[in-house]
Amino acid sequence: MSSNNPTQSAYDWHTITALNIVSTLAQIGQFGIIFVIVPVWLALQGLSAAQLGFFAASLWMGQMPGLVLAPWLCRHWGARTVVVAGLACSVVALVGIAWVPMASLPWPAYLACGVLAGLGMGLRWVGLEPWLYNIAPAHARGRLVGFHETLIAAAPVVAPAIAAWVGVQGHTILWVGVGFTVSALVPLAFARTPPVEEAHHVNSWRQSAQAAWPHRIFRQGLLIALCGGMLESALAGLFAVFAGDRGFEAEGIAHLLTAFGLGGLLLQYPVGWMADHWGLRAAGALAALGTALAAALLALASQVPGLPGVTVAFATMFVLGGLITAFLTLALISATKTPTPDMAWNVSSLSMAYSLSAVVGPVVAGGAMTATSSVALMWFAVAVGVVMMGLLLKR
């Protein structure tokens, strides 16, 4: 069934609602807890900045096979089964993270758990999002992307808030992640079976790439995805080290991450409005410029005497969270607006670009922090933001 056919399934708001709830709950467990809070938990276990960088990279590295395999698996298993498999992978990974110190295993065992958690995230991501966007009315896809990204942006707000409440030191926060991930199965059961996308059966990977590449909006989305993935993974995986070196305790770091997530939650609609009214290129360039300025302010606030470090940190983390989260939103808007028949390929390919670059971000930033100081994390963000802005304006 073609996604452009105005049948009842194309306007199935019952399933659209259910899938949005699935994403919201799963994102709290799979991203909010694992990607944002677990690095803080691991820092308390004594892992260094370089080790945390490798763990953050393992999360994004694990997404790659999930993103590659998910379209094929959806054709053979069905999207619902792929989403369930993704949730199961993340649950096993959380249990493994809790078990590693109890079994006295060496720290690389965390990397295996990180790869498995990333695999689960990738399977759920591509299993669910093309399903959701294909059944939405075509004229409302841009707004639906913005609304959906706003919902899942609640994860970096809810997870640190829960961590500040229950504490990060014990295993409770890990079981909270398991609970949210498993709870996503409930609304998934109420979602109707997705339609089959004809183009996905007809087009090969090469044909889909050849159809998408000539479109400028796709190339702009690819650039935003590549730079945005590096920024998000580096900040999420290594911020605990940067903040810890500035005197913040575990609860204070959780509060800063809450501000980061709150910005991601509240600033996605304005970014989507900019993309609709000013174009993807302008919105991406402004987000890149704002990211560079916010990161530079955090770096300077930690080094220049007299600056109100705590106040600046909370306000700037709010802005930084909104802008960095916006890069994925803009990339997905590009995927849904690229005029090709195979939206699943667009979403999968840009998601892979985002995740592949996210493997690089924490490794490079973590190495720079180990070689110099933890403030290198913010100067890394400044450099990537400036490069992104320059390339977008050049294109």
*Taking 0.36 nm per residue of separation and subtracting the Cα-Cα distance, what length does fully extending Trp165 through Lys394 add?*
77.8 nm
*Report the one residue of Ala159, Trp99, Ala365 whose Cα lies farthest in the direction of the positive end of the charge dipole of the chain (charges on C-beta: Lys and Arg +1, Asp and Glu -1; origin at the Cα centre).*
Ala365
*How large is the convex hull of the Cα atoms of segment 199-281 per residue, expressed in Å³ as a whole number?*
148 Å³
_D_trans [Stokes-Einstein, Kirkwood Rh over alpha-carbon pairs] for segment 259-353, 25 °C, 0.890 mPa s, µm² s⁻¹_ = 170 µm²/s
*Ordering of 110-116, 208-214 by burial proxy (mean other Cβ atoms within 10 Å per residue, highest first)*: 110-116, 208-214
*Counting only protein heavy atoms and using a 1.4 Å probe, what share of the accessible area of the chain belongs to carbon plus sulfur, as a whole percent?*
70 percent
*On the full set of protein chains, 1.4 Å probe, figure out the accessible area of Phe31 and give it in Å² to the nearest 10.*
10 Å²
*Quote the FRET efficiency, to the nearest 0.05, computed for Ala383 versus Leu266 with a Förster distance R0 of 30 Å and r equal to the Cβ-Cβ distance.*
0.65
*Take each complete run of DSSP H in the chain, measure how far its Cα atoms stretch along the helix's own axis, and keep only those covering 18 Å or more with mean Kyte-Doolittle hydropathy at least 1.0; list them.*
79-102, 216-244, 250-266, 280-301, 309-337, 343-371, 376-394
*Theoretical FRET efficiency, 1/(1+(r/R0)^6), r = Cβ-Cβ of Ser104 and Ser373, R0 35 Å, to 0.05*: 0.65
*May I ask you to work out the translational diffusion coefficient for the chain at 37 °C, viscosity 0.692 mPa s, via Stokes-Einstein with Rh from the Kirkwood sum over Cα pairs, reported in whole µm²/s?*
159 µm²/s
*Of Ala285, Cys89, Val384, whose Cα points farthest to the positive end of the dipole of the chain (charges on the beta-carbon: +1 Lys, Arg; -1 Asp, Glu; origin at the Cα centre)?*
Ala285
*To the nearest 20 debye, what charge dipole does the chain have about its Cα centre, counting +1 at the Cβ of each Lys and Arg and -1 at the Cβ of each Asp and Glu?*
680 debye
_Difference of contour (0.36 nm per residue) and Cα-Cα distance, Thr17 to Trp278_ = 91.1 nm
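The values are calculated or read from the model by the stated rules, or taken from the named source; none is laboratory data. It should be emphasised that the depicted structure is a prediction, and the values quoted were computed from it without experimental measurement. Backbone-built Cβ (ideal geometry, glycine too); neighbour counts: all protein chains shown. Note: accessible area is taken over every heavy atom of the protein model, side chains too, but ligands, DNA and RNA are not part of it. Shrake-Rupley method; radii C 1.70, N 1.55, O 1.52, S 1.80 Å.
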